């Protein structure tokens, strides 16, 4: 192997992949250089490649302990310890401090440890020995310190590592709810409309929707990502391109449910004004969410509420329970919360001054460094504005928590499933706060497939596997933990990213897959799942690596099976009893056509009108294949005695009917899958899908509002019929 090939292998760049059609795609030299450079390792010349290779190869020897080690909680951890040769008589002392306080210690002669390897660097010999840390520590995140002290007088060698003791399986549905079989309703929260919304669904609406779902017999409500976006720019509203996955979208706050409204006459007067009521009525009446209008309504009122809260509850010498709760929230979320709020204040300032300064990379140099003095000074000098954004996170978290508690009270066994996006926007708060882990020179995407023949570039910043390891996996842990909060289940979008992720160089070169430490990440997910009481679902659609699904099953992560893709070898739809048990089963997703849209070809109409097909032949084939699929779907229903009487034959040219939706959902309900989901759009007979991949503003992505208000949802004939069909299927009828 060349130096470049060895370096690429060490940092996880895969040498080739096979696309969805089975073609081998080799990773070019140019792509390797670009992606390695994106991880912070120079590759501009052969000499730089050699130097970067040396750095990576030698790092494991030159430091005593790895930054992190993930081990089975039931086994004795074996920790690699590196030190210069000749220390056989030295005394090694180790200290393991549990995260909750207890401390364990041990001592051993360094030369008595088994040798795992040797290496000579610049004429100095190094040894790596294996230390068994025999301790009763429970599962969790612990700190290991090692001291190697030679017998002769001299300084000790010291090292520190994070030791993560984790279970091998996530919480399973049967452990979470009696029987382990349930069904739920998938919802885009922004799409909810109600008699008192402010132009967008909010957390109070979510609590009320949970009551509707429970009344229908559902056991959970599935949500789009609730991640923090960009309050200063409400035009950036994709839930899958967040500023941060650790915090919440503050536009989901129900302003009228904020406790401070009762103590703020100024806000109440504003809300009652004629101009405000007119703007509010206009926002409520729109077919699509008008995010700038929502921001114009909510933010000025929330600013007034924060001012009232600050004056009443944060005054010096005051003794306010609500003020104390806010301070507790600040302490609990610590510096990450302060950095996020500081980013939002800075983004508001610089983007407000110049729309060309949307991304933090375009800000004045001193403010691009989140750890710099200028940023600290700005946060001190603008404390009230920074705390305003912390206040919004506090209130959003409180309202989501209340909605989750409401869902549990009305009988939703799992409550909500939250959705973890695959990555973040490179111009957002997370990338600004953690530039060593979030890659700037490449973006996340996917190679071409049957639904996106030109491939996809999602414009998101991937986590660097090198940076992630050096950070002891903290950014990943924090994202998982944050999204299990107030949830009974977590859906991980594009879960194959735990094993590898498709990176596209920012210079326009071809993409390649980059590998991640799958086993470590699976154990971390299992640890958080057990701690948070959270079932985990992995969205394993697209090109799934060999052996990946068995690894997920061993880890207790449910597969995500979509009716459209579950086929027999001859292309037919599989029988309901052929679906796997360890799965969440659904007809469609937010990125795919609704059932009605699939039957009528509405998605293909959009693709043709927006030139998303590579050529006319591909469009014609897609239309032909869809006609065959309609026939195959009716065949599948016939096979299970579910074909509605309104379809006298299995011909695929018959129109869509509500009876077809009921039959397909009953078919879905019969599957062994532990969780079955219906999408609310399918229950309402909608033909338009929430998002059309490959588009940005050509299609109204993430803006469609549901045609039926929340107050009428429980009595809607289609909702009741589809829910009854799924329930009947679950009961074996």
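Nothing in this text is a laboratory measurement; each read-out follows from the coordinates by a stated rule. Just so we're clear, the structure is a prediction, and the values are computed from it rather than from any experiment. Because the Cβ atoms are built from the backbone with ideal geometry, glycine has one as well, and the counts that use them run over all protein chains shown.
Annotations for the structure displayed:
- Beta bridges assigned by DSSP with both partners in region 446-545 are antiparallel in approximately 55 percent of cases.
- Footprinting exposure proxy for 158, 596, 32, 617 (fewest neighbouring C-beta atoms within 10 Å first): 617, 158, 596, 32
- Taking 529, 609 and counting other C-beta atoms within 10 Å, the order from fewest to most: 609, 529
- Cut-off 13 Å, label 7 Å out along Cα→Cβ of residue 551, residues of region 482-507 by amide N: 495-501
- Taken over region 74-166, the percentage of Cα pairs per 5 Å bin, counting from 0 up to the bin with the maximum distance, is 3, 13, 24, 23, 17, 11, 6, 2, 0.
- Using the Cβ-Cβ distance between residue 657 and residue 731 with R0 = 25 Å, the FRET efficiency computed as 1/(1 + (r/R0)^6) comes to roughly 0.60.
- Relative pair counts by distance (%), Cα atoms of region 187-328, 10 Å bins: 11, 35, 35, 18, 2, 0
- Hydrodynamic radius by Kirkwood, which averages 1/r over all alpha carbon pairs of region 1-160, in angstrom: 18.4
- Translational diffusion coefficient of region 561-671 (Stokes-Einstein, Kirkwood radius from Cα pairs, 20 °C, 1.002 mPa s): 146 µm²/s.
- Here, region 110-244 is characterised by an Rg to Rh ratio of 1.26, where Rg is the alpha-carbon radius of gyration and Rh the Kirkwood radius.
- Residues 587, 574, 525, sorted so that the one with the fewest Cβ neighbours within 10 Å comes first: 574, 587, 525
- Computed from the C-beta positions of residue 152 and residue 18 and an R0 of 51 Å, the FRET efficiency is 0.30 to the nearest 0.05.
- Dmax and Rg, reported as Rg then Dmax, of region 345-442 (C-alpha, Å): 17.6, 53
- FRET efficiency for the residue 312 to residue 276 pair, using the beta carbon distance and R₀ = 25 Å, is estimated at 0.60.
- For region 412-528, the Cα gyration tensor yields ellipsoid semi-axes of 24, 18, 13 Å (square root of five times each eigenvalue, largest first, whole Å).
- Summarising the overall dimensions of region 3-61 from its C-alpha atoms, the Rg and Dmax are 12.6, 42 angstrom.
- With the Kirkwood sum run over all distinct C-alpha pairs, region 392-480 has a hydrodynamic radius of 15.8 Å.
- Label-point separation in nm, residue 134 to residue 544, each point 7 Å along Cα→Cβ: 4.3
- Spatially, region 461-482 and region 20-48 are offset by 22 Å when compared through their Cα centroids.
- For region 94-135, the Kirkwood hydrodynamic radius from C-alpha pairs, put into Stokes-Einstein at 10 °C and a viscosity of 1.306 mPa s, yields a diffusion coefficient of 127 µm² per second.
- Per-bin percent of Cα-Cα distances, region 23-98 [10 Å]: 14, 29, 25, 22, 10, 1
- Cα-based convex hull, region 607-661, per residue volume (Å³, whole number): 92
- All distinct Cα pairs of region 330-376 go into the 1/r average, and the inverse of that average, the Kirkwood radius, is 11.1 Å.
- Cα centroid of region 580-631 to Cα centroid of region 104-144, whole Å: 55
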